[in-house]
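The values are calculated or read from the model by the stated rules, or taken from the named source; none is laboratory data. Only a predicted model underlies this, so the values are computations on that prediction, with no experimental measurement involved. Glycine also receives a Cβ, built like all others from the backbone with ideal geometry; neighbour counts cover every protein chain displayed.
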Amino acid sequence: MEIAVKDAVKYFGATMVLDHINLRLRGGRVYGFQGMNGCGKTMLMRMIAGLIYPTQGEVLVNGETLHGQNSFPESMGLLIENPQFLDGYSGYKNLELLAGIRGKIREEEIRQALGRVGLNPADSKKYRKYSLGMKQRLGIACAIMEHPELIILDEPFLSLDEDGIANTRRIIWEEKERGALILLACHDYEVLSDASDEIFRLTAGRIVRHMVKDPDGIFREETV
C-alpha cells in the first residue's frame with residue numbers, strides 16, 4: 001500500500017487544525033507521529049482513515065483519492081481514541097460480530113488475534129467487566145484481526161503494563177514484516193522511537209520535524 005497526503009489543510013469553523021500536510025508513506029514501514037495534545041496527530045490519522053475530509057488538498061491511497069470513489073482505505077485496521085465495544089458481550093463475541101460485517105476472516109483468525117494480544121478467546125467475561133488494559137488489548141486485536149494493509153494505532157500502549165507494551169511492540173514489528181503500513185501515535189518518545197522507522201513531529205497542525213532511522217538504529221533529521 002502507498003499513501004500520499006498532498007498539501008492537506010483542515011479547518012473546523014475558523015480554526016485550522018491541519019496546516020498544509022505533505023506525506024508519502026509505503027507498506028512495510030512504521031510511521032510515528034509525535035507532539036503535544038492538540039497538535040493534530042489524531043486529526044491527521046482520522047483524515048488518512050477517511051473519517052474526516054480535508055478542507056483543501058487530498059489524500060490518495062494507491063493512487064486513488066479518498067472521498068472520490070472510495071470513502072475509506074479498502075484494507076484498514078483502526079484504533080483511534082478509546083475503543084468501544086458492546087458491554088454485554090465477551091471479547092470474542094464482539095470481534096465475531098465485527099468480523100461478520102465484511103466476512104473476510106473465520107473463527108480461527110479471531111481466536112488467533114485475541115491470543116496475540118494476550119486475551120483468552122474462551123473467556124466468557126463480558127466487556128463491561130474488562131479492565132482498562134483488557135479493553136485496550138481487545139482494541140488492538142480488532143485492528144489486526146483481518147490482516148489489513150493499513151493499521152492505524154492512536155496511543156495503543158495506554159493502560160498496558162510492561163508485558164503488554166512489549167507484546168504490542170512485537171505485534172507492530174510482526175505486522176510491519178508482513179508488509180503492512182503502520183501509523184503510530186504515542187506520547188512516550190522512547191517507546192515510539194523503538195517501534196518506528198520514521199517519526200514526524202507535529203506542532204499546531206504542522207509537521208515541523210521529520211526523522212528517519214538509519215540501518216544502525218539512529219534517527220537522522222530529514223528536511224521538512
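Quick look at the values:
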item	result
In region 18-38, residue nearest to Asn62 (Cα to Cα) [restricted to those that are more than 17 Å from the chain's Cα centre (by Cα), modelled with pLDDT of 95 or more and surrounded by fewer than 20 Cβ atoms within 10 Å (Cβ to Cβ)]	Asn22
Within region 120-146, tally of residues that are in contact (Cβ under 8 Å) with a residue 12 or more places away in the chain and either among the basic types (Lys, Arg) or in contact with a Lys or Arg (Cβ under 6 Å, 6 or more places away or on another chain) (or both)	7
Long-range neighbours under 8 Å by Cβ, at least six apart or interchain, first residue touching a residue at least 24 places away in the same chain (Cβ under 8 Å) within region 182-194, second of a type in the set (Ser, Thr, Tyr)	Ile182/Tyr31; Leu183/Tyr31; Leu184/Tyr31; Leu184/Ser196; Ala185/Thr42
Residue list for region 79-90, filter: surrounded by 14 or more Cβ atoms within 10 Å (Cβ to Cβ), at pLDDT below 95 and touching a strand residue (DSSP E or B) at 6+ places or on another chain (Cβ under 7 Å)	Ile80
Looking only at region 103-137, and only at residues there that are in contact with an Asp or Glu (Cβ under 7 Å, 6 or more places away or on another chain) and more than 19 Å from Leu160 (Cβ to Cβ), the one that is modelled with the lowest pLDDT	Lys104
Unmet requirement for Leu66, which otherwise passes all of (1) at pLDDT below 95; (2) within 19 Å of Pro156 (Cα to Cα)	(2)
Selection count, region 161-195, where residues are β-branched (Val, Ile, Thr) and either farther than 27 Å from Val61 by Cβ or assigned to a loop (DSSP other than H, G, I, E, B) (or both)	2
Pairs where the first residue, in region 147-169, is under 21 Å from Glu109 (Cα atoms) and touching a residue at least 60 places away in the same chain (Cβ under 8 Å) and the second is among the acidic types (Asp, Glu) and not in a loop (DSSP other than H, G, I, E, B), C-beta under 6 Å, 6+ apart	Ile151/Glu175
Matching option when the condition is surrounded by 15 or more Cβ atoms within 10 Å (Cβ to Cβ), of a type in the set (Gly, Ala, Ser) and more than 22 Å from Arg206 (Cα to Cα), among Ala113, Ala49	Ala113
Filter result for the condition that a residue is under 26 Å from Arg178 (Cα atoms) and touching a helix residue (DSSP H, G or I) at 6+ places or on another chain (Cβ under 6 Å), over Pro83, Pro148	Pro83
Qualifying residue in region 2-16 (condition: under 18 Å from the mean Cα position of the chain (by Cα) and over 19 Å from Pro148 (Cα atoms))	yes
Criterion: out of contact with any His (no Cβ under 7 Å at 6 or more places or on another chain), in the same structural domain as Thr15 (by TED's automatic domain parsing) and more than 27 Å from Val9 (Cβ to Cβ) - qualifying residue of Ile207, Ile199, Ile172	Ile172
